[in-house]
Amino acid sequence: MISKKICMVGDFGVGKSSTVARYVKNAFSDKYQTTVGVKIDTKEVSLADDTELKMVLWDIAGTDNLKQMNTNYLRGASGYLLVADGTRAETLETALALKKQIEAVAGNIPFVGLLNKADLVDDWEIPDSQYEGLLVRSWDFYKTSALDGDNIERAFLALAHKVMG
């Protein structure tokens, strides 16, 4: 089995921990708990070509700037999930700034973007035109919901394929 380190990166409260819990345990809790430092989970997946992959998921504490994060957490990462909250437009700007900073530290490693909280679409601050602009860049971005599981599995599998690329 091949093992790959995957980091969850994004601002505070965007749903990184909830997304990991949904993916790994198929569970959701509406009790917000701030991640301190990093929390590590694993998930084994079978890819279409019969490759067995163990995803080691590093849920890194939320930050709006890599200077506030221990960049050692990124060392050895094969890829990352860049998470923003669709109900808070500033978290997408933070995520895109973090992406640039990650590239400066870790190079051009594969990523998949998540616009989380799709279950609250009526409260979204990110217009469809801005979301479509991300897709035009040939980036994989998914509207996800850790609450109901929408596109969570799909996003993680997309990243799994990218890191095995």
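FYI, it's all coordinate maths here, none of it is from the lab. All values derive from a computational prediction rather than experimental measurement. So basically every Cβ, Gly included, is an ideal-geometry build from the backbone, and we count neighbours across all protein chains shown.
What is the magnitude of the charge dipole of the chain about its Cα centre, with +1 placed on the Cβ of each Lys and Arg, -1 on the Cβ of each Asp and Glu, and no other charges, expressed in debye to the nearest 20?
720
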In the list (1) 130; (2) 106; (3) 96, the entry giving volume of the Cα convex hull per residue in Å³ computed from the coordinates is (2)
Once E153 and T71 are pulled to full extension, the length gained, defined as 0.36 nm per residue separation minus their Cα-Cα distance, is 26.8 nm
Each label sits 7 Å from Cα toward the beta-carbon; between V105 and S3 the label points are separated, in nm, by 2.2
Once both label points are put 7 Å beyond Cα along the C-beta direction, the D50-L135 separation in nm becomes 3.5
For the range 149-159, Karplus-derived ³J(HN,Hα) couplings (6.51, -1.76, 1.60; θ = phi - 60°; whole Hz; x for glycine and proline) come out as x, 3, 6, 5, 4, 4, 5, 5, 5, 4, 5
Within the range 51-149, DSSP-loop trypsin sites (Lys or Arg not before Pro) with at most 16 other C-beta atoms within 10 Å are R75, R137
Check: C-alpha center the range 1-15 vs C-alpha center the range 96-125, spacing in Å is 11
Sorted by chain and then number, the residues having a modelled amide H within less than 5 Å of the amide H of D85, at least 5 places away or on another chain, are T91, L92, N116
Only helices counted: for the chain, with every DSSP H run of 4 or more residues adding -39500 (n - 2.57) and the sum spread over all residues, [θ] at 222 nm is -9500 deg cm²/dmol
A correct fewest-to-most ranking of M8, M1, M55, M164 by other Cβ atoms within 10 Å would be M1, M164, M55, M8
